[in-house]
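Presented below is the structure to which this report refers.
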Amino acid sequence: MQWRNSAARWGAIAQLLHWLIALAVIGQMALGWVMVSWRLSPTKFELYALHKSIGITVLLLVLIRLGWRLFNVTPAPPAASPRWEVRAARATHALLYLLLLALPVTGYLINSASNFPLVVWGVLPVPNVTDENESLQTVAEYAHLALFCVLAVLVLVHVAAALRHHWVLNDTALRRMLPGFKPVEER
């Protein structure tokens, strides 16, 4: 197993970060919907605390992934990919990264503006970045929801594109992000 990326495939570190972030984001989406509809109770506060801890963790994982990407080669797109598709993929990936950074930031602003203590995983206190501010909280809540909606659509587009590459185009775009796949040139 190769740890670093190659021209033909993503390395184990990039794959691990990709799939950890993907699972966390899907979990966050589900948890977000559950927690906002839960009745006011200690469980609701626990769900919010879990959501915030996962959100901060996603932020850190995305920063690590971006750092890793800066110091590694990025596998080339499949050879038969038209230019518009390569550009669309790059734009989609850039927007995904931007959203994965912006969502935790808006969540943190909601938390700070509501003057609620943030303790990541119950052990790491994080100071608020603003005093209690109801109007900032409202703006951050709308931004968080709007960013979530855009992210949900982009995740569907990303998954659909990966499945199209795998099942319709029969190229390596999806397989090279899966553990255990070895491109022909590396066998």
Problem - Residue list for the range 52-91, filter: out of contact with any strand residue (DSSP E or B) (no Cβ under 6 Å at 6 or more places or on another chain), of a type in the set (Ser, Thr, Tyr) and crowded, with 16+ Cβ neighbours inside 10 Å - result: Thr57, Ser81
Completion exercise
Of the residues in the range 80-115 that are free of Cβ contacts under 8 Å to residues at least 12 places away in the same chain and hydrophobic (A, V, I, L, M, F, W, C), the one that is nearest to Gln28 (Cα to Cα) is Leu98
Completion exercise
Expected single match for under 21 Å from Ala161 (Cα atoms), of a type in the set (Val, Ile, Thr) and under 20 Å from the mean Cα position of the chain (by Cα) among Thr106, Thr74 is Thr74
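Before we move on, is Asn115 surrounded by 15 or more Cβ atoms within 10 Å (Cβ to Cβ) and over 20 Å from the mean Cα position of the chain (by Cα)? Spell out how you get there, then give the answer.
Numbers: surrounded by 15 or more Cβ atoms within 10 Å (Cβ to Cβ): no; over 20 Å from the mean Cα position of the chain (by Cα): yes.
Answer is no for this residue.
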Handout entry: Residue under evaluation Ala49, criteria (1) surrounded by 14 or more Cβ atoms within 10 Å (Cβ to Cβ); (2) closer than 21 Å to Tyr97 by Cβ; (3) among the small types (Gly, Ala, Ser), criterion not met
Key = (2)
Practice task
Go through Arg83, Arg69, Arg87 for me and flag whichever is within 21 Å of Ile13 (Cα to Cα) and out of contact with any Pro (no Cβ under 8 Å at 6 or more places or on another chain).
Solution key: Arg69
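Take the range 158-187 and flag every residue that is within 22 Å of Met29 (Cα to Cα), of a type outside the set (Gly, Ala, Ser) and surrounded by 14 or more Cβ atoms within 10 Å (Cβ to Cβ). I'd like the intermediate steps shown before the answer.
The initial filter retains those residues of the range 158-187 that are within 22 Å of Met29 (Cα to Cα), namely 158-163.
Narrowing the set further to residues that are of a type outside the set (Gly, Ala, Ser) leaves 158-159, 163.
Passing the criteria: only His158.
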Exercise for the section: Kindly indicate whether any position in the range 28-39 is surrounded by 14 or more Cβ atoms within 10 Å (Cβ to Cβ), among the basic types (Lys, Arg), free of Cβ contacts under 8 Å to residues at least 12 places away in the same chain and under 23 Å from Pro117 (Cβ atoms). Expected result: no
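No lab work stands behind these numbers, since they all come straight from the coordinates. Note that the structure is predicted; figures quoted are calculated from it, not measured. A quick note on method: Cβ atoms are made from the backbone with ideal geometry, for glycine too, and the neighbour counts reach across all protein chains shown.
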